[in-house]
Amino acid sequence: MGDGVRLERRYDLAYLAIERPSARNALTPAVAEALVDACRALAEDRDVRAVLVRGGDDFCVGLDPDESLDPLSDLDPAAALAALPMPTIAAIRGACHGAGLALALACDLRFAARDATFALPDLVQGGFPTLGSSQRLPRVVGRAKALELMLTGEPIDAAEAYRIGLVGQVVEPDVLDATALTATRN
């Protein structure tokens, strides 16, 4: 795919990854466009049964402050993920903040490594919640908890994310992919 995104297909499973480790997988317009393009390709691939979405040491730290998305742009990788006709599973390590959390929320299932942290700091940073996160978060964790996360911007750890229903399971980092893959096979 290029532009910081890798799409691989293995048998009936697709792996979609943001690959900008030096920027903690921060989302840029080019990455957003590559994610949307990858989702378009996946939507047309009738052989793919499920999509595993992942980052590296960090899932996605949010928007790149040097190259933020135009809020009026049609580029919405979270909407593209949510629209896929097959199940999407997020395997989350490290930071899953801002736009990264929006991408995870767009997935059908979310699994977290114990080292994962989740935050929606957009409001406290003077911005707006991005990519539909202010709509999806209350649906997943309830209105009160969503407001708390958005208004404080404070990160929560994986255990708290599990407790509030943001993720379905928390595992050790070395078994995260295997755990998520098991979900794709069921």
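Every number here is computed from the coordinates shown, using simple stated rules; none is lab data. A quick note: this is a predicted structure, and the numbers were derived from the prediction, not measured. Please note: Cβ atoms are built from the backbone with ideal geometry, for glycine as well, and neighbour counts cover all protein chains shown.
Output needed for segment 32-91: three equivalent-ellipsoid semi-axes, defined as square roots of 5 times the C-alpha gyration tensor eigenvalues, in descending order, whole Å. Can you show the working numbers first?
Details: eigenvalues 98, 47, 13 Å².
That gives 22, 15, 8 Å for the three semi-axes.
Overall, the ratio between the Cα radius of gyration of the chain and 2.2 N^0.38 Å, rounded to two decimals, is 0.93.
For VAL140 and GLU160, the difference between the fully extended length at 0.36 nm per residue and the C-alpha to C-alpha distance is 5.8 nm.
Calculated FRET efficiency, GLU19 and GLU44, Cβ-Cβ r, R0 30 Å, to nearest 0.05? Before the final figure, lay out the partial values.
Working: r = 23 Å, r/R0 = 0.76.
In this case the efficiency is close to 0.85.
Antiparallel versus total DSSP beta bridges in the chain: what percent is that, nearest 5? Kindly include the intermediate steps, with their values, before the conclusion.
Numbers: 9 of 30 bridges.
Once the DSSP bridges in the chain are tallied, antiparallel ones form about 30 percent.
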